[in-house]
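Below is one structure; the comments refer to it alone.
The values are calculated or read from the model by the stated rules, or taken from the named source; none is laboratory data. In this text, all values refer to a predicted model and were calculated from it rather than measured experimentally. All Cβ positions, even for glycine, are placed from backbone atoms using ideal geometry, and neighbour counts span all protein chains on display.
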């Protein structure tokens, strides 16, 4: 979350701007701005120059390090512990999966995807 701080420009020199953070972590500035907007990366607003009404976001190296540690922690499981990966299969493989599901009595959602013109037709029919 960003904080408004009327700090001097000299204090901002010891901090990192959005462009610096993006370059350091090899990310886009849009990604960094989104993290700031979502409150994932803590920054302060400081004037561009002394007496300027235009502000810029700056972050401490510690705040960037904390955000980076959380950035690499991708969530690959759901809250209930199941993974959330999608399994792609052919029609024959779907039949085998459905047979396995029936014999194992496992609650698994297996959906047959619809592609191309059939998907467009379903969308038109739903309207």
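Filter the range 14-37 down to residues that are exposed (fewer than 11 other Cβ atoms within 10 Å of the Cβ) and at pLDDT below 90 and give me whichever is farthest from residue 56 (Cα to Cα). So, considering only residues that are exposed (fewer than 11 other Cβ atoms within 10 Å of the Cβ) and at pLDDT below 90, the one farthest from residue 56 (Cα to Cα) is 26. Taking the criterion of being under 26 Å from the mean Cα position of the chain (by Cα) and part of a loop (DSSP other than H, G, I, E, B), the residues of the range 34-62 that qualify are 38, 39, 40, 41, 42, 60.
Whether a residue is at pLDDT below 90 and assigned by TED's automatic domain parsing to the domain that holds residue 25 was assessed, and residue 48 passes this test.
Each row is one residue, and each column tells you yes or no for (1) at pLDDT 90 or above; (2) surrounded by fewer than 10 Cβ atoms within 10 Å (Cβ to Cβ).
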| position | (1), (2) |
| --- | --- |
| 41 | yes, no |
| 58 | yes, no |
| 62 | yes, yes |
| 73 | no, yes |
| 83 | no, yes |
| 90 | no, yes |
| 95 | no, no |
| 111 | no, yes |
| 125 | no, yes |
